[in-house]
1. Six or more apart or on different chains, Cβ atoms under 8 Å: show the pairs whose first residue is in the stretch 109-121 and closer than 10 Å to residue 76 by Cβ and whose second is assigned to a helix (DSSP H, G or I) and modelled with pLDDT under 95.
2. With 46, 28, 32 as the choices, which residue is in contact (Cβ under 8 Å) with a residue 60 or more places away in the chain and farther than 13 Å from residue 99 by Cβ?
3. Which one is farthest from residue 25 (Cα to Cα), of the residues in the stretch 80-100 that are outside any strand (DSSP E or B) and in contact (Cβ under 8 Å) with a residue 12 or more places away in the chain?
4. Can you name the number of the only condition in (1) open to solvent by less than 30 Å² (accessible area, probe 1.4 Å); (2) in contact with a strand residue (DSSP E or B) (Cβ under 6 Å, 6 or more places away or on another chain) that residue 116 fails?
Amino acid sequence: MYRALIARGIYLSQDRSDIGYSVKELSRKMSRPDTGDIEKFKHLARYLLGRERAVIHYDYQTSPTEWTVWVDSDWAGCRVTRKSTSGGIVMWGSHIIRSWSTTQSVIAMSSGEAEYYSMVKGSSMGMGIKSVASDLGVTVSVINVKTDASAAKGIASRKGLGKIRHIEVSQLWLQDRVSRGEIVVTKVKTEDNLADALTK
């Protein structure tokens with residue numbers, strides 16, 4: 001029963017970013033749920049009962065000049081594994097195209113590293129959507145990644161590891177894309193970051 005209900009939550013969360021983090025956390029216990037997980041699910045169910053519908057408006061807009069990706073992370077948010085959560089939103093102008101909330105596969109040693117991994121995830125999502133849009137005739141070359149982490153922006157804007165030797169080498173491709181101007185990293189205030197709600 002727990003798995004069936006969480007599967008419905010996963011289906012709903014594709015369009016409802018407000019429950020993305022909750023569904024992600026509940027999904028992590030699908031193999032062995034306990035009574036605490038049932039109580040957490042009931043909390044989500046009560047939330048949905050009070051907000052049965054979510055309406056997303058796609059109003060007319062002029063063609064944007066870039067893809068916008070908002071990213072955020074919580075450092076070591078999981079009390080059991082100490083893994084962080086990556087949250088993000090891909091937007092076409094004022095229209096939400098994709099959102100996600102995922103647990104990072106590696107344990108980040110600092111908040112800057114966790115934010116950088118979130119930036120890598122967001123950049124790859126943005127590049128994938130840009131590629132699909134290009135096949136449909138929408139050719140916009142720049143992806144603007146917005147983050148509230150100065151440390152992550154610094155890592156992405158330089159070449160090589162620097163003093164941070166423990167970052168996975170497979171994550172450094174972002175530095176090359178930033179140096180070529182394909183991806184632009186923009187610092188925003190924490191209270192303005194749209195992806196913040198997807199990490200808690």
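1. Close Cβ pairs (under 8 Å, with a partner that is assigned to a helix (DSSP H, G or I) and modelled with pLDDT under 95) amount to 110/151; 111/151.
2. 28
3. Step one: of the stretch 80-100, the residues outside any strand (DSSP E or B) are 80-84, 93-94.
This time we only want the ones that are in contact (Cβ under 8 Å) with a residue 12 or more places away in the chain, so: 81-84, 93-94.
Values: 81: 12, 82: 13, 83: 12, 84: 12, 93: 30, 94: 28 Å.
Selected residue: 93.
4. (2)
Rundown of residues vs (1) open to solvent by 80 Å² or more (accessible area, probe 1.4 Å); (2) among the hydrophobic types (A, V, I, L, M, F, W, C); (3) assigned to a loop (DSSP other than H, G, I, E, B); (4) within 19 Å of residue 70 (Cβ to Cβ), yes/no style:
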{"position": "159", "(1), (2), (3), (4)": "yes, no, yes, no"}
{"position": "163", "(1), (2), (3), (4)": "yes, no, yes, no"}
{"position": "167", "(1), (2), (3), (4)": "no, yes, yes, no"}
{"position": "174", "(1), (2), (3), (4)": "no, yes, no, yes"}
{"position": "178", "(1), (2), (3), (4)": "no, yes, no, yes"}
{"position": "181", "(1), (2), (3), (4)": "no, no, yes, no"}
{"position": "186", "(1), (2), (3), (4)": "no, no, no, yes"}
{"position": "191", "(1), (2), (3), (4)": "yes, no, no, yes"}
{"position": "198", "(1), (2), (3), (4)": "no, yes, no, yes"}
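The values are calculated or read from the model by the stated rules, or taken from the named source; none is laboratory data. Treat the numbers as computed from the prediction; the structure is a model and nothing was measured. Ideal geometry is used to build each Cβ from the backbone, glycine not excepted, and the neighbour counts take in all protein chains shown. Areas reflect the complete protein model, heavy atoms only, side chains present, ligands, DNA and RNA absent. Shrake-Rupley method; radii C 1.70, N 1.55, O 1.52, S 1.80 Å.
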